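J.: If you scroll down you'll find the structure; I have some questions about it.
We did not get these values from a lab; they are worked out from the coordinates using the rules stated. Small disclaimer: the values here were computed from a predicted structure and weren't measured. In this analysis, Cβ positions are derived from the backbone assuming ideal geometry, glycine residues included, and neighbour counts consider all displayed protein chains.
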Amino acid sequence: MARYAQVQGSVALITLTNPPVNALSAAVRLGITEAVTRALRDPKVKSVVICGENGVFCGGADIREFAKPMTGPPLVPMISAIEEGDKPVVAAIEGVAFGGGLELALGCHYRIAHSKARVGLPEVTLGLLPAAGGTQRLPRLIGLAPALELITTGRHVTAQEALKLGIVDKVTDQSAQDLAIQFAQEVIGQPLLPRKLSTQLTPCPPDVDTILDEAMARVKQRARGAMAPVACVQAVRAAVNLPYQAGMQKEQELMAFLFRSSQARALQYCFFAQRAVGKWSLSSGAHSGNSKPRPVTKAAVIGLGTMGRGITVALVKAGLSVVAVETNKKQLEMGKQMVSAMLKHDAQKMNAVPRLDLLHYTTDLSELKNTDLIIEAVFEDMALKKEVFKKLSSVCKPDAVLCTNTSGLDVDELASVTKRPELVVGMHFFAPAHVMKLLEVVRGSRSSPEVMATAMHLGKRLGKVSVVVGNCSGFVGNRMLRPYLDQANFLLEEGATPELVDGALEEFGFPMGVFKVSDLSGLDVGWRIRKEAGLTGPNVDPKDPLRRRQGRRYSPLPDLVCEQGRLGQKSGRGWYLYDKPGGRVATPDPDIHKLLEDYRVRHGIRPRQIGSQEVLERCLFALINEGFRVLEDGMAMGPEGIDMIYVFGYGWPRHRGGPMFYAAMVGLPRVLERLEYYQQVHPDVPHLQPSSLLRRLVVNGSPPLDKWRDFLQRPHSQL
Ligand SMILES: CC/C=C/CC(=O)SCCNC(=O)CCNC(=O)[C@H](O)C(C)(C)COP(=O)(O)OP(=O)(O)OC[C@H]1O[C@@H](n2cnc3c(N)ncnc32)[C@H](O)[C@@H]1OP(=O)(O)O
């Protein structure tokens, strides 16, 4: 796991060999410990170079080992032995030096990086802190403020920035290993003490306490309940206030606390779940390993509304040439201006040139005959989308892939109007499409494996976390959102206020509560959908009482709010009051409180005190329950997919792992018991009826999440 060689006569070359990222597994740590001991003992060896095989220095500790009892030599003494040795050790960093990998390099006396390498301490993203001396050595090397920023965010740093910050000593476009070997010979005999970071003091500006206090305030505000960033600040404070050994002691104490936390488990689960969803498989036996994507060099986007514009920008940023289509010249010009502005803004931030040359604008669909893949992003209306698909089917080349960016319409119905249903797939982007990381790739019943591979591969090129989902109303994300929204509205009827509900959800870790999100998206969006579904407006069954629709409880509150012209942020009033139309700062609105009070009086509802726990249980458990139904119906590959959809698309706090992981952490019997309780209290809300899968899991002893698939009744998923 670590290869040893003697090169150029006097240089010991230690190579980490644990593909794909040379993670510091027990075997690698043992290999390094033995190799370093050998090099330090061998009188013929005058200096040492540590590098990684296959162009990767080291991706850090082996995260898979965290769930198992610790074996092999620990990292801290291994790194100390390198630093304390009397021979210069040079780290040759290619690819990445992350986490324990960078900590290993910080224990070396010199660091040389390839120009394409990246370094960083991403432990905080795993619910941990850099506990192999990272919180103590990095501040000593680069100073307090930059170290705080890197450690509390886990941000990856390019080799160039690392050089500027002083993390690395040299950057090369050639082989970092070759330069390191040469360098290791040059530094033989030079004093080593100044290069041993543990012997140095952290350089501190006079306002050190202010810097630390401000960092703590910033981190607490951003963390939304995540503990690791707070612990990172505490550990770095120790690098300033305490001698090295005492600082290390503090680092270990904080790490021990984090390591056992449910947040660390959640974040590590997310790390693997994010990678697992990329490995899709279909019930036909096709999977990501045996299905080849089609080449896509030229794409098209139909419709330059909010979604179409974002998708166009995302495609251009990924280097694809794009034909952007609108129905008339005026719309086209408007779309063009917006897309150009977005690309210029983005390029400016990255100090790059906007790739406007990749774009072609037209109102003529016949110009799509050479495009490989078309994404329809017109208004969410089945008739209109069908018309577009019919036309696309006749103008596009026969093997062009046709994608729809619907947020919930039937992909099969759309595919049925084309001559190539096997080349039709849903690509559900989330607004703003060039920013949001989530992509639901919707498999129609006839979508071919090749077309699924193409959409998933394109998602990856766009930097998205792409999740394969089945073709059901609302797909996965929006389907699960409905019971959540319903519960939030019912809570208002029963005595809550928007700020009470939002407060509980924000305290849980959502960046915004449900009513603030609705105001941001525009309340008219849901209003239109409810009208089309016959839940409000002229198509309502006249026999339905006001608070019952289609056989179940219904809250007309959101409709009443819209009828008052309160459409959310854009109109300056929604569930909250804003300082002006388009304003962002929400303040509680006495008019809404009055509306709720009048409503309750009108309907004879006695308001009651509602606490945060009830808000969370009713909103989140109803959503989770629908998640179990999604699994039962075979509309998602597994709980990991659902969790990634919620983490990347709906602001579910990552340190809570996603709804299905959260359910497992709370305990499935508890979720079931609370759903049963609320169902008894609200028998007219079918969403509260516990799903059969949840019941079956509980009866079978609540197996761990990765075993849930074994309890599905359907032999095959719908994917
Ligand atoms: C005592 C505790 C001390 C903790 C200190 C630490 O070091 S904690 C770990 C800190 N390191 C990280 O957080 C890095 C995590 N990895 C990455 O950011 C990326 O994987 C990468 C190194 C930048 C490589 O990215 P790339 O896109 O090229 O590949 P993948 O992400 O798909 O990874 C390939 C496979 O490798 C697995 N993997 C990656 N890093 C680790 C790791 N540190 N431990 C274990 N496994 C790791 C990853 O899961 C992939 O596996 P597959 O089975 O192929 O999905």
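J.: Could you tell me which of rounded, prolate or oblate describes the chain, using a ≥ b ≥ c as the square roots of the eigenvalues of the alpha-carbon gyration tensor, with rounded for a/c under 1.5 and, failing that, prolate when a/b is larger than b/c and oblate otherwise?
T.: Taking the square roots of the gyration eigenvalues as a ≥ b ≥ c, the chain is prolate.
J.: Once you sort the root eigenvalues of the Cα gyration tensor of the stretch 478-711 as a ≥ b ≥ c, which label holds: rounded (a/c under 1.5), prolate (a/b larger than b/c) or oblate (the other case)?
T.: prolate
J.: In terms of modelled amide H atoms, which long-range or inter-chain residues lie less than 5 Å from the amide H of T172?
T.: Under 5 Å from the amide H of T172: A113, H114, S115.
J.: Between 0 and 90 degrees, rounded to the nearest ten: what's the tilt of helix 590-602 against the longest Cα principal axis of the chain?
T.: Roughly 50 degrees between the two axes.
J.: Skipping prolines and chain starts, which residues have an amide H placed within reach, meaning under 5 Å, of the one on R294, given they are 5 or more residues away or on another chain?
T.: HN-HN under 5 Å from R294: T454.
J.: Tilt of helix 477-494 relative to the longest C-alpha principal axis of the chain, in degrees (0 to 90, nearest 10)?
T.: Tilt of helix 477-494: around 70 degrees.
J.: Mind ranking 79-87, 103-111, 489-497 by how tightly packed they are, going by the mean number of other C-beta atoms within 10 angstrom, highest first?
T.: In decreasing order of mean packing, 79-87, 103-111, 489-497 become 103-111, 489-497, 79-87.
J.: Take every DSSP beta bridge with both residues inside the stretch 387-542 and express the antiparallel ones as a percent of the total, to the nearest 5.
T.: 30 percent
J.: What ³J(HN,Hα) values, in whole Hz, does the Karplus curve 6.51 cos²θ - 1.76 cosθ + 1.60 give for the stretch 270-284 when θ = phi - 60°, with x put for Gly and Pro?
T.: Ordered by residue, 3J(HN,Hα) equals 4, 4, 6, 4, 4, 7, 5, 5, x, 9, 7, 8, 10, 5, 6 Hz.
J.: For M338, M512, M307, what ranking results if the residue with the fewest other Cβ atoms within 10 Å of its Cβ goes first?
T.: Fewest-to-most Cβ neighbours within 10 Å comes out as M512, M338, M307.
J.: Ok, one more. Which order do peptides 677-685, 446-454, 617-625 fall in by mean Cβ count within 10 Å, highest first?
T.: Taking the mean over residues of other Cβ atoms within 10 Å, the ranking is 617-625, 446-454, 677-685.
J.: Which angle between 0 and 90 degrees, to the nearest 10, do you get for helix 639-649 versus the longest principal axis of the chain when only C-alpha atoms count?
T.: The helix 639-649 is inclined about 90 degrees to the chain.
J.: Please rank T158, T404, T297, fewest neighbouring Cβ atoms within 10 Å first, as an exposure proxy.
T.: Taking fewest neighbouring Cβ atoms as first place, the list is T297, T158, T404.
J.: Ok, one more. L616: net charge of surrounding residues, Cβ under 13 Å, Lys/Arg +1, Asp/Glu -1, itself excluded?
T.: -1
J.: Would you mind checking which residues have amide H under 5 Å from G574's amide H? H placed 1.01 Å from N; only 5 or more apart, or other chain.
T.: Amide H to amide H, under 5 Å and 5 or more residues apart or across chains, G574 pairs with G568.
J.: Please get the size of the charge dipole for the stretch 241-330, origin at its Cα centre, with Cβ charges of +1 on Lys and Arg and -1 on Asp and Glu, quoted in debye to the nearest 20.
T.: With only Lys, Arg, Asp and Glu charged at Cβ, the dipole is about 460 debye.
J.: Still on this structure, I have one more. Given axes a ≥ b ≥ c from the Cα gyration tensor, I'd like to know whether the stretch 56-161 is rounded (a/c under 1.5), prolate (a/b larger than b/c) or oblate.
T.: Judged from the Cα gyration tensor, the stretch 56-161 comes out rounded (a/c under 1.5).
J.: Determine the percent antiparallel among the DSSP beta bridges restricted to the chain, to the nearest 5.
T.: 30 percent
J.: Listing V7, V353, V90 from the residue with the fewest other Cβ atoms within 10 Å to the one with the most, what is the order?
T.: With the fewest neighbours first, V7, V353, V90 line up as V353, V7, V90.
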